[in-house]
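Okay, structure first, notes after.
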Amino acid sequence: MADDRVPPAGHLRARRAHRTGRHGREDWDNWWKTVLSAPELAPLAQARSRSPIADRTFTEPHDLTTAEQIRLLHEAGFTTATTVWQCGDDSILVAIR
């Protein structure tokens, strides 16, 4: 049974865009470029440059569900993984090894 009280994610995204004045989405590649060039994140960017994923090409996120992402994090050795923020279909997960 569907819960008709919860608006679809697209509706929530449109309402948030109207409220904040920001329309559209920042693409994944530009998001990473911004993060890696931010002066306050320089130590993290330098540490990342020495990691095995330093040359990874980032693309738009895949269509995995939150539950599938949490399962994959557990399979990768993380003992705890959970959602710490969600708005519509956007969410942030935190995992602890």
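The values are calculated or read from the model by the stated rules, or taken from the named source; none is laboratory data. A quick note: this is a predicted structure, and the numbers were derived from the prediction, not measured. What goes into the accessible areas is simple: the full protein's heavy atoms, side chains included, and nothing from ligands, DNA or RNA. Shrake-Rupley method; radii C 1.70, N 1.55, O 1.52, S 1.80 Å.
For segment 68-97, a residue qualifies if it is open to solvent by less than 70 Å² (accessible area, probe 1.4 Å), within 25 Å of residue 16 (Cα to Cα) and part of a loop (DSSP other than H, G, I, E, B), and exactly one does: 88.
Among the residues making up segment 22-59, those that are outside any helix (DSSP H, G or I) and at pLDDT 75 or above are 38, 50, 51.
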